[in-house]
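K.L.:
One structure, as structure tokens, below. Some questions next.
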Amino acid sequence: MIESQKSKHKILRSIKYILVGIIVIVAIQFFKPTWTTNIIGERSINELRKLKVNGIELETMIRGYDKDNPIIIFVHGGPCCSEIPYARKYQDLLEKDFTVVNYDQRGSGKSYEVGKDYSNVNANTHVGDLIELTKNIEQYLGQDKVILIGHSYGTYLATRAVSQEPELYRAYVGIGQVSNMVEGELDSLDKCVEAAKLKEDKEAYEYLESIRKNIESGDMITPREYIRKYNFAARNIDENGDYFKGFLFGPEYNWGDAVRFYSASSKYQQGLIKEVVDKPITELVKTIDVPVYFLMGKHDGMTSPKIAEKYLNSLDVKAEKQMVIFEDSAHYPQFEEKEKFYKWMCDTFLK
């Protein structure tokens, strides 16, 4: 009986130690300091840095082998979907010839303050932040102009910023360019309907056709689960897996940052998307005074290459404008075909 009680106490003590250990490990993961990996070289830069912008702080990641190289500012999409957790994996080539800046938009990821209400933040807020951030980056790195690259929702912001303050930018590159969103969503719906037909997926086909009027009216967008199901989101990468690995193992984000990421997207994403639907970029920006390039994956169903090209053709651009199609990509050509994207960037901006 006594030996049995001793064994029981040992088991309970072991369980207690295990639970304490788990709590400690989780606490460390939530609050551990974050950084970005080192780039060796006298002129290199590798920083996670908060920059003061319009009265708030935005988290930035700045990386490159030579800080005198041309600057790229990436404007992430989503909305609320920072790419800092996994961007290094796909921009290693770019870092050799460009200084690459990623940032978390106000109320997103590491720029999200727990307990703060961001419901009044809209595209105008983000565009103002982007313009101010550009000025700060140019001053910090001692350069006059940057290459502005928007991705997905980020193109809605970047297109407006470059139109408003063209003197800050050397060129604009729209990847997964947003245009008239209702038209784009109908094109995406058609792609999914056709894919459902080919796969003889009757249930999906009937459901997708049943929501067509809702998409035509701007009350819905094509459900992203179907776009992913038929490989119109990504073909050569696992973007959700990249996020998961970045949150778990990447140095740039800890688990507290991951919670902020998901809190922001769950609270504010739908409102920001609705604004893109209600206020099409095609009506807001009709003239741009710098070179404009739209880079689209041929198989993109998140944003429509066909409708983006229609928008580009209508734009009054005071310099060069070009549509570039990546044949083996969907919504992430800069990642899915990173070697081709790197070569295009070098050929276009390092002549």
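Read-outs throughout are calculated quantities, based only on the coordinates presented, and are distinct from any laboratory measurement. Keep in mind the model is a prediction, meaning the values are calculated, not measured. Backbone-built Cβ (ideal geometry, glycine too); neighbour counts: all protein chains shown.
K.L.:
Calculate how many DSSP beta bridges within the chain are antiparallel, expressed in % of all such bridges and rounded to the nearest 5.
P.N.:
35 percent
K.L.:
Here's a follow-up. Separation between the GLU225 and TRP255 pseudo-spin-labels, each 7 Å from Cα along Cα→Cβ, expressed in nm?
P.N.:
Roughly 2.7 nm, to one decimal.
K.L.:
Assuming R0 = 25 Å, what is the FRET efficiency of GLU275 and ILE211, from their Cβ-Cβ distance, to the nearest 0.05?
P.N.:
Efficiency at R0 = 25 Å is approximately 0.75.
K.L.:
Count neighbours as other Cβ atoms within 10 Å of each site's Cβ, and list the trypsin sites (Lys or Arg not before Pro) in region 100-168 that are DSSP loop with at most 12 such neighbours.
P.N.:
Sparse-neighbourhood loop trypsin sites (Lys or Arg not before Pro): LYS116.
K.L.:
Also, I was wondering about something else. Calculate, in whole percent, how much of the Cα-Cα pair population of region 170-273 lies beyond 18 Å.
P.N.:
62 percent
K.L.:
Additional query: In which sequence would ARG260, ARG43, ARG49 go, from the one with the fewest C-beta neighbours within 10 Å to the one with the most?
P.N.:
Fewest to most other Cβ atoms nearby, the residues stand as ARG43, ARG49, ARG260.
K.L.:
Residues of region 305-342 with backbone nitrogen within less than 12 Å of a virtual label 7 Å along the Cα-to-Cβ line of ASN236, please, listed as ranges.
P.N.:
Of the residues in region 305-342, 326-342 have backbone N under 12 Å from the label point off ASN236.
K.L.:
If you don't mind, another one. Using 0.36 nm per residue, how much length does the chain from ASP92 to ILE325 gain when fully extended, once their Cα-Cα distance is taken away?
P.N.:
Here the answer is 81.7 nm.
K.L.:
Name the residue farthest towards the positive end of the dipole of region 91-147 from the options GLN105, ASN124, GLN143, assuming +1 on Cβ of Lys and Arg, -1 on Cβ of Asp and Glu, about the Cα centre.
P.N.:
Value computed over the given set: ASN124.
K.L.:
Note down the nm distance, to one decimal, between modelled labels 7 Å out along Cα→Cβ at ILE40 and at LEU198.
P.N.:
My value for the distance between the label points is 4.7 nm.
K.L.:
Still on this structure: Compute, for the chain, the length of the dipole vector about the Cα centre, with Cβ point charges of +1 (Lys, Arg) and -1 (Asp, Glu) only. Units Debye, rounded to 20.
P.N.:
The dipole magnitude comes to about 1380 debye.
K.L.:
Give or take rounding to whole Å, what are the principal axis extents of the alpha carbon atoms in region 56-134, in descending order?
P.N.:
39, 23, 18
K.L.:
How would you classify the chain from its alpha-carbon gyration tensor, with a ≥ b ≥ c the square roots of the eigenvalues: rounded for a/c under 1.5, else prolate if a/b is greater than b/c, otherwise oblate?
P.N.:
oblate
K.L.:
Another one. Suppose every K and R has +1 on its Cβ and every D and E has -1 on its Cβ; what is the size of the dipole of region 158-234 about the Cα centre, in Debye to the nearest 20?
P.N.:
240 debye
K.L.:
Note down the nm distance, to one decimal, between modelled labels 7 Å out along Cα→Cβ at GLU283 and at SER119.
P.N.:
Label at GLU283, label at SER119, 2.5 nm between them.
K.L.:
Now for a separate question. Work from the charge dipole of the chain (Cβ charges, +1 for Lys and Arg, -1 for Asp and Glu, about the Cα centre) and give the residue of GLN91, TYR253, PRO291 farthest towards its positive end.
P.N.:
The Cα lying farthest towards the positive end belongs to TYR253.
K.L.:
Continuing with the same structure: GNM, the chain, Cα, under 10 Å: largest mean-square fluctuation among ASN136, ASN236, ASN120?
P.N.:
Among ASN136, ASN236, ASN120, the largest GNM mean-square fluctuation belongs to ASN120.
K.L.:
Next up: Roughly what angle does helix 338-349 make with the longest principal axis of the chain, taking Cα atoms, 0 to 90 degrees, to the nearest 10?
P.N.:
The helix 338-349 is inclined about 40 degrees to the chain.
K.L.:
Now for a different question. Once the Cα atoms of helix 2-31 and of the chain are each reduced to a long axis, what angle between those two axes, in degrees from 0 to 90 to the nearest 10, is obtained?
P.N.:
Here the helix axis deviates by roughly 20 degrees.
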